[in-house]
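Everything below concerns the one structure shown next.
Just so it is clear, none of the values below were taken in a lab; they were calculated from the coordinates. Quantities reported herein were computed from a predicted structural model and do not represent experimental measurements. Quick reminder, even Gly has a Cβ in these numbers, built from the backbone with ideal geometry, and neighbours come from all protein chains shown.
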Amino acid sequence: MQSPVKSALILPEKYYLDHFNEFLAYTQTHCAALLLPAHHDFIQRFEQMAHNTQCMFVRVVNRKGSFIACSTLTYGEIEDCQGALALLTECGVLRSIVASDVSTLLETLNKAQLVELLSSQQVTFKKSAAKAVLLALARALSADAITQHTLCDDFKVKTFVDEWQYLLFLFFGNLNSALDKFSMRDLGVLKTRNKSKQQGPRFDGIEEAQSAFYFAQQKQRLGFLCPEGLIALAQQQELQQTPIGVTAHEYAAHFWYEIGCALLAIDCENAKTQALAFWRLSTHQKAQERLIRETYKFDKERAKLALEALLDAPKDDELSLFAFDFYQRKFNQAKLSVRTQRLREHSHKLYIDEVYKDRVELGVKRYYEGQNLCVDNTAPGDKQQSELQGEPLEQNPAQPLANIFAYRTENRLFRALFGLTFWHELFNEADRATGSEFDRRPRLIKENCLYDELGAQVEARLALFTQFQRQAQYQVSRPTSHAMTYLTQVASRYFGQPNGIFRWNPKMLEIISVFLQHVNGQWVANHLRAMAKNYQGLKDGYPDLMVIENQQLRFEEVKAPGDQLRANQLVSIDALQNAGFNVGVCQVEWRYNPQQPYVVVDVETTGGCKPGHRITEIGAVKVIGGKVIDSWSSLINPERRVPHFITRLTGISNDMVEDAPLFCEVIDDLERFMQDCIFVAHNVNFDYGFFKLEYGRLERAFSMPKLCTVREMRKYYPGSKSYSLGKLTKEYGLSLDNHHRALCDAQAAAELLIMVNEKKHTL
């Protein structure tokens, strides 16, 4: 079944001019007080140009970099492109190359242009040489020789780069965005906020805007500097000026941290001294941490005093955690870090099939959902020993089975809950959030001041969760339906609108509803209050899973072997526990789980793994506990001819598949058969790839953990001359009566899987 073709949106011929005028209108309406004379002059020159010249001006503006190759500026909708470029040069928007431009210009030349330049100067070189070699040779040429070359006749220099960058910065709030976002908006690729709300300048004055722009520029420059240039930059006194405004402080803190890291990587004592000086200026949590670590190497007493100051006056939860941990280990001789200690003391182990190594959270979720666990009285030591041996515990039929559900929530749950609860305060008050329609984060989030400015409104929202009704069977107070009703109303009204806090998901409300049904509403209010007071500190680091067992809810952070708890995870876990939630850590060990269900699949197709080929037959075998318990198979109408050589190989002819069901007709039944299984096949990527293609044609997602019996046999049964299905079955005496028919091949691959798992069980 083919999906309907969507009609493509087409932008107007001179869409870029419309976008530029829209951009200028915003700038002149909201940011006039933030402009210097140079910026007003930039706008005025554009407005005085003829229509044709304006079009070329905008084309030039939208080109990246300072240099423009005039020969590339040819546009069908612009009359006399070269004449328009001449007018731009005449009015000073563009200028010719001069000697001081040469070093920067060379960086913009491609390899062919460098070859042309060097050839004209009779320099000896190999045309096959790397671009870096050619560039080094070009730099050795005199500036006059380069400027007099015909290549430079084609290049012009934009004279307005700083002015243009500043205007973009006022509009977008960063230096990484450009006017192509308008095109993405008009094409429906990018969603933006409602223009009628919250439009306004993002800075209170020109000094604040200029300060933020300065530090944003310096931060951007760091990635392009060599060590010599970095050292020269670090010596500029202007870098240590006090930033003005919240945005400038944020940019400055990041810049000082990053330049410190870059300087420390240089093998130079003076650079190290400069790095420490910049870190002292920075309020960035990582800068403070690295400063103390480096200081400890040469002045332990000074590091101790700095740690004590942080402990006496905490500035940041993660920083306080570091200070406590570092102080305990370095000055109180604690043997374990806080993270290691928490991991050892407050965790439990689960043994998960190693196929989930790349999807460990999914493995634990499947473990909980797939277990028919018994509420038993087995002694912990006996239970642990049984698990270590890979043996299932004996089930007591007289006792009830545990009812377990697991949801992958991570940061999504609390971000969505926070965003929906305070949507009105964050997004609907025009005087609270400033910027353009492309802004995603509201001002109260950027400045981390929601509770400080709107504490009364926050408490009014939190009251939705503390209007309790007593539910005796749970012996706990649950939130009434008021909270869920409000959240549903907000989600229904604003679904899909960009917000910079959470991503919309059709199942989001379902998860929130389950969550609210199993928690004390006061706990929810407690934590949302903490997020409102410090969203930046509590926006991430949340546990991977929400587990509901026998109507009791807990959160679990999942850690694979070798993983440690990160600082932000400890902060969020502590915050949840302080609010009242039950939070644990699940440590995974890789081990064969005999109760893990597998579905061994084989597909026959019309040819190789190419988009044009289709499935002709599917065979699937379900394996649990080392036994085949069920099978599924069907011919599939591929909706194309089966080639003769495929018929000779498989025996599947066009007549056989003519009346067979389409893939779309069996997909739901097949999905039910494969549910909660690991996808196994002999050369698994071939079969898995065809499933993805067929699902993609139906605009459905396909994702399963997968295992390859070829790879597993090579690992656990090495030494075979060939690992093809036919050769392995013959070598190990397995049945393969009807090779190249899907169910038969799947059954043979299932026997190989059982052999592998038996070997795993004995290791």
Quiz item: So what is the calculated 222 nm ellipticity per residue for the chain, using -39500 (n - 2.57) for each DSSP H run with n of 4 or more, over all residues, to the nearest 500 deg cm²/dmol?
Solution: -15000 deg cm²/dmol
Self-check item: Pairwise FRET efficiency - Thr72 versus Glu699, Cβ, R0 = 41 Å, nearest 0.05
Solution: 0.55
Exercise. Treat each spin label as a single point 7 Å out from the Cα along the C-beta direction, and report the Val161 to Glu228 distance in nm.
Key: 2.0 nm
Exercise. Compare the Cα positions of Phe465, Gln551, Ala86 along the charge dipole of the chain (+1 at Cβ of Lys, Arg; -1 at Cβ of Asp, Glu; about the Cα centre) and return the one farthest towards the positive end.
Key: Gln551
Quiz prompt | aspartates and glutamates whose Cα lies under 19 Å from that of Lys330, excluding same-chain neighbours fewer than 8 positions away | solution = Glu289, Glu294, Asp299, Glu301, Glu308, Asp312, Glu318
Practice problem: Using amide H atoms built 1.01 Å from N in the peptide plane, name the residues 5+ places from Leu350, or on other chains, whose amide H lies under 5 Å from its own. | Solution: Gln587, Val588, Glu589
Quiz item: How large is log10 I(q)/I(0) at q = 0.05, 0.09, 0.11 Å⁻¹ when the Debye formula is applied to the Cα atoms of the chain, each weighted equally and without solvent?
Solution: -0.40, -1.21, -1.35
Quiz item: Assuming R0 = 22 Å, what is the FRET efficiency of Thr104 and Gln217, from their Cβ-Cβ distance, to the nearest 0.05?
Solution: 0.90
Quiz item: Quick one: of the DSSP bridges fully inside region 437-586, what percent are antiparallel, nearest 5?
Solution: 70 percent
Quiz item: Given 0.36 nm per residue, what is the gain on full extension from Lys335 to Ser183 after removing their alpha carbon distance, in nm?
Solution: 49.0 nm
Quiz item: In the chain, what percentage of the DSSP-assigned beta bridges are antiparallel, given to the nearest 5?
Solution: 70 percent
Quiz item: Tell me, what ³J(HN,Hα) does each residue in region 568-580 have, in order and in whole Hz, if you take phi through Karplus 6.51 cos²θ - 1.76 cosθ + 1.60 with θ = phi - 60° and put x for Gly and Pro?
Solution: 5, 5, 4, 4, 5, 4, 4, 5, 5, 5, 5, 6, x
Quiz item: Using 0.36 nm per residue, how much length does the chain from Ser724 to Ile624 gain when fully extended, once their Cα-Cα distance is taken away?
Solution: 33.6 nm
Quiz item: How far, in nm, would the chain grow between Met656 and Tyr716 when pulled straight, counting 0.36 nm per residue and subtracting the alpha carbon separation?
Solution: 17.7 nm
Exercise. Work through the residues other than Ser337 whose Cβ is under 10 Å from its Cβ and net out their charges, Lys, Arg +1 and Asp, Glu -1.
Key: +3
Quiz prompt | Exceeding the 21 Å Cα-Cα cut-off - candidates Lys219/Lys272; Lys357/Lys539; Lys357/Lys559 | solution = Lys357/Lys539
Quiz item: Say a site is exposed when it is one of the GluC sites (Glu not before Pro), sits in a DSSP loop, and has at most 14 other Cβ atoms within 10 Å; what is then the longest site-free stretch of the chain?
Solution: 80-393
Quiz item: Which is farthest toward the positive dipole end of region 15-186 among Val123, Phe182, Thr147, measuring Cα position about the Cα centre, with Cβ charges +1 (Lys, Arg) and -1 (Asp, Glu)?
Solution: Val123
Self-check item: Karplus (6.51, -1.76, 1.60) ³J(HN,Hα), θ = phi - 60°, over region 447-457, in Hz, Gly and Pro reported as x
Solution: 8, 6, 9, 4, 5, 4, 8, 10, x, 5, 5
Exercise. Note down the nm distance, to one decimal, between modelled labels 7 Å out along Cα→Cβ at Lys64 and at Asp80.
Key: 3.3 nm
Exercise. Name the lysines eligible as straight-distance cross-link partners of Lys335: C-alpha to C-alpha under 20 Å, and not fewer than 8 places from it in the same chain.
Key: Lys297, Lys300, Lys304
Practice problem: Please give the FRET efficiency for Phe324 paired with Gln457, using the beta carbon to beta carbon distance and R0 = 51 Å, rounded to the nearest 0.05. | Solution: 0.90
Self-check item: trypsin sites (Lys or Arg not before Pro) restricted to region 628-730 and DSSP loop, no more than 16 other C-beta within 10 Å
Solution: Arg640, Arg641, Arg700, Lys721
Self-check item: Cα-based reach from Lys126 at 14 Å (exclusive), listing aspartates and glutamates while leaving out same-chain residues under 8 positions away
Solution: Glu116
Quiz prompt | Helix axis angle, 206-221 relative to the chain longest principal axis, alpha carbon, degrees | solution = 60 degrees
Practice problem: Measure nothing but the geometry: give the 0 to 90° angle between the long axis through the Cα atoms of 285-298 and the longest principal axis through the Cα atoms of the chain, rounded to 10°. | Solution: 90 degrees
Quiz prompt | 17 Å reach of a label modelled at Gln517, 7 Å along Cα-to-Cβ, counting backbone N of region 540-563 | solution = 546-554
Practice problem: Treat every Asp and Glu Cβ in the chain as -1 and every Lys and Arg Cβ as +1, leave all other atoms uncharged, and give the resulting dipole magnitude about the Cα centre to the nearest 20 debye. | Solution: 1020 debye
